[in-house]
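Laboratory data are not the source of any read-out in this text; all were calculated from the coordinates shown. Predicted, not measured: the structure shown is a model, and the values here were computed from it. Cβ placement follows ideal geometry from the backbone for every residue including glycine, while neighbour counts extend to all protein chains displayed.
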Ligand code: ADP
């Protein structure tokens, strides 16, 4: 097992990783920007190293500074969390070249899945159903028209290097397609430095359902069920639940089996998530994330498995601590992403937290790295905490979620808590009847 893990991240996920390490008796190194000198994970880690100024490019994305921090502290592994360098194949390769373990899959697997065109081709070859669309990159308008005629309008133009919902454009007719292509191309070039595009049929009212998978170097593979992440704003997840209100046990076992088989075929190592759109009883692959996800705690809640601990075990060459037969799904879990944002306009609301009181009690987990008196720096993501509630069934989970949201106090800044307080009393949400566009429709109605 590793002696010392360097956590190449910040915020709640850095603390989450620290907790797993600490429980396993592994020492931790926190790296931080000058803006994060007072962060909770920096205080709790065994050692800390300042790696640069506030800008993420100069700190959390600064590979040479992070490698130096590993060398100085003698860390034998790096956990990248999510975001930042977590899906950077070059980072994984450089660490390997330095004899430091990247807690994640191989650079080659990251590279393969990071190119969404290649990812789709690979998924298809492994027997995973995909959204109908172009079989590869779209280079000319003529080619795009042809694909659109085959799949039918509306279509979605997507960036091969896409992420965070950027570089995606809908075209509802032939007339809209040419400008959708040029806008998406420009956006992709600016955001990712790569303007390769592909096309998919635009599904009208699907749900976003993703499957958590895990594989070790001893040939063990398992899936941990699904998460329904259909409540989104601007293609970004806002609230997630597990299990999905739309699936039954047989459907879960079926898609889980398909995904596990594919992961085995891929020779994948570590944890990953296969994302699907689900419409009219059918699954359509959209992408694979080769990292730990923000919403992993709802899966932990319904399976009792510590996903970060398993990640670390697998990276250290050990077997995962369970097999598929050991996985039991129990009850229902919901996660609310608490952002430092205005709950109506979603404008960022950095500032000093005057008072911070988290809810507690049976089935309530809060993953957050903020505290009373903490000043939220304006340079990073607005996620300041995750409220994760578990109940024996969906109704108990909802009752507990309402109660927890009522208890949660964050004073001094605006947060998205009031949005969730409204959502938990909304009949469609209570009935589990929603799709990926539902939340934006709801927000428009309530604006
Ligand atoms: P990103 O990597 O930028 O997050 P994804 O491919 O994961 O992009 O898609 C993000 C979200 O965009 C999905 O959860 C869904 O809401 C929407 N989306 C993606 N592909 C389609 C599609 N073919 N039809 C309708 N919506 C889609």
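Key figures for this structure:
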| quantity | calculated |
| --- | --- |
| Label-point separation in nm, residue 280 to residue 236, each point 7 Å along Cα→Cβ | 3.3 |
| Gaussian network model of the chain, springs between alpha carbon atoms under 10 Å - residue of 13, 410, 110 with greatest fluctuation | 410 |
| Among 387, 405, 277, residue whose mean-square fluctuation peaks in a GNM of the chain (springs only between Cα atoms under 10 Å) | 405 |
| The range 1-136: C-alpha gyration tensor shape, a/c 1.5 cut-off, then a/b vs b/c | prolate |
| Residues residue 37 and residue 345, FRET efficiency given R0 of 22 Å [Cβ-Cβ distance, rounded to 0.05] | 0.10 |
| Alpha-carbon centroids, the range 367-384 and the range 1-45: separation in whole Å | 15 |
| Residue 264 paired with residue 55, simple spin-label distance in nm, labels 7 Å along Cα-to-beta-carbon | 4.9 |
| Mean Cα-pair separation over length for the range 77-179, i.e. relative contact order, pairs under 8 Å, 6 or more apart, % | 18 |
| Average Cα contact separation per residue, the range 1-145, under 8 Å, 6 or more apart, as relative contact order % | 19 |
| 20 Å binning of all Cα-Cα separations within the chain, expressed as whole percents from 0 upward | 25, 60, 15, 0 |
| R0 of 25 Å, Cβ-Cβ distance residue 409-residue 44: FRET efficiency to nearest 0.05 | 0.65 |
| Relative contact order for the chain, counting Cα pairs under 8 Å that sit 6 or more residues apart, in percent | 14 |
| Helix-only [θ]222 nm of the chain, DSSP H runs n ≥ 4, -39500 (n - 2.57) each, per residue, nearest 500 | -10000 deg cm²/dmol |
| Convex hull of the range 248-301 built on C-alpha atoms - directionally averaged projected area, nm² | 4.4 |
| FRET efficiency, residue 190 to residue 93 (Cβ-Cβ, R0 30 Å, nearest 0.05) | 0.70 |
| Cut-off 15 Å, label 7 Å out along Cα→Cβ of residue 118, residues of the range 71-101 by amide N | 87-93 |
| Cα shape, the range 291-447, gyration tensor, a/c 1.5 rule | oblate |
| Choice from 297, 132, 243 showing the highest fluctuation, given a GNM over the chain with Cα pairs closer than 10 Å | 132 |
